[in-house]
Amino acid sequence: MKIYLVGGAVRDKLLGMPVQERDWVVVGATATDMEQAGYKQVGKSFPVFLHPQTHEEYALARTERKTAPGYTGFEIHAAADVTLEQDLLRRDLTINAIAEDSEGNLIDPYGGCADLRSRILRHVSPAFCEDPVRILRLARFAARFGHLGFCVAPETNKLMEQMVANGEVDALVPERVGQELEKALLEQTPHLFFTVLRACGALARIFPEIDRLFGVPQVARYHPEVDSGEHTMMALACAAGLTADKYVRFAVLVHDLGKGVTPAADLPKHHGHEHRGVPLVEQLCARTRLSANYRELAVLVTRYHLHGFRVGEMRPATLLETLEKIDALRRPDRFAQFLLACEADALGRGGGIARDFPQKQLWQAVYAAVAAVDVAALVQAGYKGAALGEKLRQQRIDAIAAQVKARGSDS
């Protein structure tokens, strides 16, 4: 029995990055050998065991043979005669097919170390095309390592194009797409996840609502980048720089989906796109099985993101209504998320047209003015029922008006 550290732990150590978890492969052993050594089997489709002390995962070396479409159609062979090189050959990328023995020696039969140095994401073998999840995984690695200069090897992109053309990506189940999307949103450069998918044609099959944005023009005065898809990617990149909140990042990703279905006669203007986008956001969330936390914030940002820009133009009553619609008074955390999404939208435009988002401060001042209205004092004064509601609303509107006027005179 020989045990090797494999996969991400080796890769990240070589990159000088923190190792989050360690995976091990065992060569020359059977399931019986592992159980007799005190390991507990947990894998169902193939033999994976938990170490009796560390509880880290140890998998028997194995090979895979494609037997049906999709990412579940594999026949697994795990036995004592499977070599380390055979096990590494079945992996997705060369940078993930490096092993380390107990002495710290590297076993790198497929050039993973060279690709790490060259910052290349390259498939190990043609078997890459047998599993459509690998397209999503590669795109996620691009999002994770893009800031280090990693890019996709041309021959790997070509292989992914073939997978799209032959319908292999159509076998992806919605839940798995949603899982990979959630992981990608947490990476350092999440917009590269979608850039890689678009480069091979997979974006149109997996996220058609997002792909539809590319090539759709906007008014250059407000969007020097013109292209709606490019704006979305720029805004998502800005969101990643502002916050690690995956819900905010997702809301920014989908906030302009309505522009993808703007009637051609209206272009490059997009009147009403915020309304048209709401059902598209709900459709995407339902299809990928994303939780309500994603859907609720994304719908609010889609519907009201233009209000984020127009805070200085709207009537006090409309400002109060907007705060109520996004449930700001009961959910100050959601209000903060909304403002972050609007800020990313503002900054995510070409030509350096927006370097800050001054509307954020005005919104915060308006919110503070509304929150400062003393409900208890009104109750003590004898207001109740509908009269209390009307008086409270009027005082909040007056407080907003006073705040806007004061800030206007200050400027």
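The values are calculated or read from the model by the stated rules, or taken from the named source; none is laboratory data. Being a predicted model, the structure only gives us computed values, none of them experimental. With ideal geometry, Cβ positions are generated from the backbone for all residues, glycine too; neighbour counts draw on all protein chains shown.
Run down L290, L280, L320, L297 and say which single residue is buried (at least 16 other Cβ atoms within 10 Å of the Cβ), assigned to a loop (DSSP other than H, G, I, E, B) and either free of Cβ contacts under 8 Å to residues at least 12 places away in the same chain or touching a helix residue (DSSP H, G or I) at 6+ places or on another chain (Cβ under 9 Å) (or both). Give the derivation first.
Working: L280 fails: assigned to a loop (DSSP other than H, G, I, E, B); L320 fails: assigned to a loop (DSSP other than H, G, I, E, B); L297 fails: assigned to a loop (DSSP other than H, G, I, E, B).
The conditions single out L290.
Given the residues L257, L197, which is the only one that is over 24 Å from A292 (Cα atoms), surrounded by 23 or more Cβ atoms within 10 Å (Cβ to Cβ) and among the aliphatic types (A, V, I, L, M)?
On the way: L257 fails: over 24 Å from A292 (Cα atoms).
After applying the criteria, what remains is L197.
Going residue by residue through segment 75-93, is there one that turns out to be on the phi > 0 side of the Ramachandran plot and at pLDDT below 90?
Here is the first cut: in segment 75-93, the residues on the phi > 0 side of the Ramachandran plot are none.
Among the residues of segment 75-93, not one is on the phi > 0 side of the Ramachandran plot and at pLDDT below 90, which makes the answer no.
Out of all the residues in segment 43-51, is one or more at pLDDT 90 or above, assigned to a helix (DSSP H, G or I) and either surrounded by fewer than 19 Cβ atoms within 10 Å (Cβ to Cβ) or among the charged types (D, E, K, R) (or both)?
No - not one qualifying residue is present in segment 43-51.
State which residue is modelled with the lowest pLDDT when the search covers only segment 124-183 and only residues that are β-branched (V, I, T) and within 18 Å of the chain's Cα centre (by Cα).
The initial filter retains those residues of segment 124-183 that are β-branched (V, I, T), namely 124, 133, 135, 152, 156, 164, 169, 173, 177.
Now drop any that are not within 18 Å of the chain's Cα centre (by Cα), which leaves 133, 135, 173, 177.
Details: V133: 94, I135: 97, V173: 90, V177: 96.
Looking at the filtered set, the residue picked out is V173.
Starting from residues that are more than 23 Å from the chain's Cα centre (by Cα) and among the hydrophobic types (A, V, I, L, M, F, W, C), keep the ones in segment 323-338 and report whichever is surrounded by the fewest Cβ atoms within 10 Å (Cβ to Cβ). Reasoning before the result, please.
Taking segment 323-338 first, the residues more than 23 Å from the chain's Cα centre (by Cα) are 323-325, 327-332.
Filter once more, so that each one left must be among the hydrophobic types (A, V, I, L, M, F, W, C): 323, 328-329.
On the way: L323: 21, A328: 22, L329: 15.
Top of the filtered list is L329.
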